[in-house]
1. Could you compute the net charge surrounding A:ALA43? Neighbours are other residues with a C-beta less than 15 Å from the C-beta of A:ALA43; K and R count +1, D and E count -1.
2. Counting each DSSP H run of 4 or more residues in chain A as -39500 (n - 2.57), what helix-only mean residue ellipticity at 222 nm follows after dividing by all residues, to the nearest 500 deg cm²/dmol?
3. Excluding A:ALA55 itself, calculate the net charge of residues whose Cβ lies under 15 Å from the Cβ of A:ALA55, where each Lys or Arg counts +1 and each Asp or Glu counts -1.
4. For each of B:ASP211, B:ASP4, count neighbouring Cβ atoms within 10 Å of the residue's Cβ, then give the residues from fewest to most.
5. Residue by residue, what Karplus-based ³J(HN,Hα) values in Hz, rounded to whole numbers, does region B:186-193 have, using 6.51, -1.76 and 1.60 with θ = phi - 60° and x for Gly and Pro?
6. What does the charge count around A:VAL83 come to, taking other residues whose C-beta lies under 11 Å from its C-beta (Lys +1, Arg +1, Asp -1, Glu -1)?
7. Show the residues, 5+ positions off or on another chain, whose built amide H is closer than 5 Å to the amide H of B:GLY38.
8. What's the magnitude of the charge dipole for chain A around its Cα centre, counting Lys and Arg as +1 and Asp and Glu as -1 at the beta-carbon? Answer in Debye, nearest 20.
Amino acid sequence: MAAYNVAIMHFTGLGTYQSCSVANTFIQHVADVGYQTQGLKEAHQLVQQNRYLKATLIYMELAEMGLSTAMLNTGLLMDKYSVFDSEMTYFAVDVAHG
Amino acid sequence: MPFDINKYLAFNYFKMSVNHPDTRDEALIKLGDHYYYGVQPLRKKSYSKAAHIYKYVEQTTRDSELRGQALFNLGLIYHFGSYSSLFDKSNKSREPASPLAEQASTSSGDGWTSSLLDQETEEGEKIVQIDLDQAQKFYQLALKEESRAQAPVYLLYLYSKWQSVDLYESIVKELLVNNILKSPANQLMMVVGAAAYLGLLFGTVRYLRKDHIER
């Protein structure tokens, strides 16, 4: 919580200089040590049980919080195992091709 | 090419994770693979961009495994060049044109041959020349890294060595003409040997067909 407050202080410039990169460092630290990182363990167990779709969904959620490991793992799982069914994605074809 | 949402999302997630220092190298390697194989969001292969990315990874990473992989991929790119795109079935219509384009680019010494190739598929694409010496250098560097995949690197290194050796040049010209046939004694030996071989052959044929000849 203290790290989060320091990050917000740097982000808004309260009592100290305003710096997005310093704020990003502190908020990254908050994300890295928070309770959400339990999801990394859970998703890793799911991958070991060959349940890739559920693991990918967990990793995607963590990636939106800014965990770089989760981003990389999401990309790797999607690249290797094709977790989503591409034939169900009619809506995206027109966007992609033109 | 059928639409594949996984490749799109994976590409975007790799691009996101490039911004973080602890996952940058691995994500860059995967992005380089995307450029090398030309998977979906890119629509075309780009060996020069892949080589650029691999070179960056090779220079910046601290992970020996990743550096070995980047070096191996660099060696592959320089070993086969852009020529390996000929083996795609989708590019079959371009087959007669591309060797000409490659010859033209080697003669001019410049890689920009976008006017000679199909504009739609290889627009502004820099052609990577086949450079066996460069490839061998990268393979040797990759063999020095602590990578798990030593065997394919070594096999491809031997293959590039084999390709770079000109058999006719080295055996016929260097060994036979320049070394063996220079001294008169060896020339005499060769003539005598040839005469003995022909005489032996003739004698054998005559001996075997003795009955037919006498009749």
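None of the figures in this text is laboratory data; all of them are computed from the coordinates on show. None of these values were measured; they are calculated from a predicted model. Every residue, glycine among them, receives a Cβ derived from its backbone with ideal geometry; neighbour counts consider all protein chains shown.
1. +1
2. -22500 deg cm²/dmol
3. Cβ neighbours under 15 Å give a net charge of +1.
4. B:ASP211, B:ASP4
5. 5, 4, 4, 4, 5, 5, 4, x
6. It works out to a net charge of +1.
7. Correct list: B:SER46.
8. 300 debye
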